[in-house]
Amino acid sequence: MADNKNLTPRAEDFSTWYNEVVQRAELADYSPVRGSMVIRPWGYGIWENMQRALDEMFKETGHENAYFPLLIPLSFIEKEKEHIEGFAPELAVVTKAGGKELEEPYVIRPTSETIIYSMYAKWVQSYRDLPILMNQWANVMRWEMRTRLFLRTAEFLWQEGHTAHATAGEAEEETLMILDIYRKFMEDWIGMPPITGLKSESEKFAGAVRSYSCEALMQDNKALQAGTSHFLGQNFARQFDLKFQSEGGQEEYAWNTSWGVSTRLIGGLVMTHGDDKGLIVPPRLSPTQVVIVPILKGEDSSLVLEKTKEVESRLKAAGVRVKIDARDNVSPGVKYYEWERKGVPYRMEIGPKDIEKGSVALARRVVPSGAKRKSFVMEDQAVAEMPNLLEEFQTELRDASVARREENTVRGVRTINELQEALDGGAGFVFTGWNGDPSVEEEVKGLTKATIRCLPSEEFRSPQTPVKCVSGAGESVTEVAWARSY
RNA sequence: CGGGGUGUGGCUCAGUCCGGUAGAGCGCUGCGUUCGGGUCGCAGAGGUCCCCGGUUCGAAUCCGGGCACCCCGACCA
């Protein structure tokens, strides 16, 4: 940092900017343990708002919350072959407890499929016990080589949904429904519009039959896998003997799904909306939507404070999350900068002059181009309008992100050369044809550092279906979206 | 696991080449003054110079070993 005040601009060094924003907005801080972090109240407040919104959507669609234990017998993880291959290097294992070596080591969960389906096996006998639709909010641990605040930490918070169904069709439907919930959540709450689609074989979750994901485009034009939903087939059911008697009386293995989003979403939020002044939090997720800064002058102080409290309660009554910053040891200007860094959508200033006129000063975290930084409006109007203003802001953030995603998406690319050029020219998503051969993925990745983010869902596909594979070898069997990614 | 960088008051760093008993700015505390975009003044507190060992009369500085963290790559939500 050049000095204590300004952030490194995004254009200069995006990842330094990111780290500075996260720390200076007080979202999180490094902990003494390598790769793990403390989520501070401002960051955790955002997470709580995310949880609340998602939890409601899960419950509306029939899911219930439960909690499964942190420690999982190592042998469980080892049962599903691909699963263990996917996770082996990043497992943290407990071998000692109570001062003694354990008979069998326990793994700190990297994800809970194994323990959960082993329990489902115990609870399910008949098709009448299905479906099971459960979710848990939990922490998990993956000993990553390289970590970054929120984007990849050794320990992180997430929700993992795990369902069991009588038929493949029903499970697949569940997988896609959740994908859609994730997508809506990202659009409507984070204002971070992803493209959705199917993961290629090499990018899918270890142990899944098919993985779907939401891929969001960050301001540096790198893609962030922001949520995944997996159709697990009967892979885990077979390993954990999750069987049921069907309507026809036969014994069958259940069909499973699992799906999750994590605190990584907060990283996505930062990289979607932040600017060179700091964080910008979409109103629906902001722990504080309006901060009131009293302008304290001599004997008017108590009058001003009284007024701010009055406005605070009026805003609260209107359903707005509001906070008064009444500190008397810092000047108003300092507070402005601080709250802007934290990304609070609206600031309201109330001083003696306002009280005289019955007005307030309003400042928006993002000022539309050409508009003045502050507007002076009557108090009644400010209070009445605030819920709408916040929703407008929310919509604006989303629309800007949709526009940015589209502007940075290149379609109809035919060759690896063109793909390379597009990426070097700063493109985000690049759409091409693909013959389905993993060696093409390898080759492109080696040349361009881009990977197949997904085989896009129908509505994200190009109007003109590609004919040839980007490699030049053969027909395209599917369109794919490439990007460099986190 | 490779490449690069950094470890010195709370933070950002100077001092290290050339050894001599530790500094700046910001922050913090107190008092006063200000308060509508990073107020100002005065006074003050605060440091095992990452750790261990060595060289030396003397080490933040030189030598050896270790550790931690950050950034960039290979692997991953």
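Does A:Gly474 satisfy the condition of being of a type outside the set (Ser, Thr, Tyr), over 28 Å from the mean Cα position of the chain (by Cα) and surrounded by fewer than 15 Cβ atoms within 10 Å (Cβ to Cβ)? So A:Gly474 fits the description; yes.
One residue stands out among those in region A:1-30 that are of a type in the set (Asp, Glu) and surrounded by 15 or more Cβ atoms within 10 Å (Cβ to Cβ): the one that is farthest from RNA strand B (Cβ to nearest atom), which is A:Glu26. In region A:293-345, which residues are more than 25 Å from A:Gln381 (Cβ to Cβ) and in a loop (DSSP other than H, G, I, E, B)? Result: A:Arg327, A:Asp328, A:Asn329, A:Val330, A:Ser331. If you go through region A:43-85 and keep only what is within 16 Å of RNA strand B (Cβ to nearest atom), touching a residue at least 24 places away in the same chain (Cβ under 8 Å), open to solvent by 20 Å² or more (accessible area, probe 1.4 Å) and within 18 Å of the chain's Cα centre (by Cα), you end up with just A:Gln51. Being over 30 Å from A:Glu247 (Cβ atoms), within 14 Å of RNA strand B (Cβ to nearest atom) and not small (Gly, Ala, Ser) is not true of A:Pro105. Listed here are the strands (runs of 3 or more DSSP E) enclosed by region A:59-152 that have at least 2 residues being of a type in the set (Val, Ile, Thr) and out of contact with any Cys (no Cβ under 8 Å at 6 or more places or on another chain): A:93-97, A:100-108, A:132-141. A:Val33 fulfils the conditions (1) outside any loop (DSSP other than H, G, I, E, B); (2) open to solvent by 40 Å² or more (accessible area, probe 1.4 Å); (3) hydrophobic (A, V, I, L, M, F, W, C) except for a single criterion, (1).
The criterion of being aliphatic (A, V, I, L, M) and more than 30 Å from A:Val320 (Cβ to Cβ) does not hold for A:Val402.
Here is a yes/no grid of residues against (1) outside the structural domain of A:Trp189 (by TED's automatic domain parsing); (2) crowded, with 21+ Cβ neighbours inside 10 Å; (3) part of a loop (DSSP other than H, G, I, E, B):
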{"site": "A:Ala400", "(1), (2), (3)": "yes, no, no"}
{"site": "A:Ala403", "(1), (2), (3)": "yes, no, no"}
{"site": "A:Asn417", "(1), (2), (3)": "yes, no, no"}
{"site": "A:Gln420", "(1), (2), (3)": "yes, no, no"}
{"site": "A:Leu423", "(1), (2), (3)": "yes, yes, no"}
{"site": "A:Gly436", "(1), (2), (3)": "yes, no, yes"}
{"site": "A:Glu442", "(1), (2), (3)": "yes, no, no"}
{"site": "A:Lys445", "(1), (2), (3)": "yes, no, no"}
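Taken over region A:311-333, the criterion of being surrounded by 13 or more Cβ atoms within 10 Å (Cβ to Cβ) and not small (Gly, Ala, Ser) is satisfied by A:Val311, A:Glu312, A:Arg314, A:Leu315, A:Val320, A:Arg321, A:Val322, A:Lys323, A:Ile324, A:Asp325, A:Arg327, A:Pro332.
In this structure, A:Ser262 does not qualify as under 24 Å from A:Thr111 (Cβ atoms), touching a residue at least 60 places away in the same chain (Cβ under 8 Å), over 13 Å from the mean Cα position of the chain (by Cα) and within 14 Å of RNA strand B (Cβ to nearest atom).
The criterion of being of a type outside the set (Lys, Arg), modelled with pLDDT of 95 or more, part of a strand (DSSP E or B) and over 30 Å from A:Glu174 (Cβ atoms) holds for A:Glu349. For the residues A:Arg238, A:Arg210, the requirement of being open to solvent by 50 Å² or more (accessible area, probe 1.4 Å), more than 23 Å from A:Glu60 (Cβ to Cβ) and without any contact (Cβ under 8 Å) to a residue 24 or more places away in the chain singles out A:Arg238.
Within region A:180-191, which residues are at negative phi and either touching a His at 6+ places or on another chain (Cβ under 8 Å) or open to solvent by 10 Å² or more (accessible area, probe 1.4 Å) (or both)?
Hits for region A:180-191 are A:Asp180, A:Ile181, A:Arg183, A:Lys184, A:Glu187, A:Asp188, A:Trp189.
Among the residues of region A:316-341, those identified as within 11 Å of RNA strand B (Cβ to nearest atom) and touching a residue at least 24 places away in the same chain (Cβ under 8 Å) are A:Ala326, A:Asp328, A:Pro332, A:Lys335, A:Tyr336, A:Tyr337, A:Trp339, A:Glu340, A:Arg341.
Given the condition assigned to a strand (DSSP E or B), within 28 Å of A:Lys222 (Cα to Cα) and at pLDDT below 85, answer yes or no: does some residue in region A:11-24 qualify?
No, region A:11-24 has no match at all.
The values are calculated or read from the model by the stated rules, or taken from the named source; none is laboratory data. Since this is a predicted model, take the numbers as computed values, not measurements. Neighbour counts are summed over all protein chains in view; Cβ atoms, including those assigned to glycine, are modelled from backbone coordinates with ideal geometry. Ligands, DNA and RNA are excluded from the accessible area calculation, which covers all protein heavy atoms including side chains. Shrake-Rupley method; radii C 1.70, N 1.55, O 1.52, S 1.80 Å.
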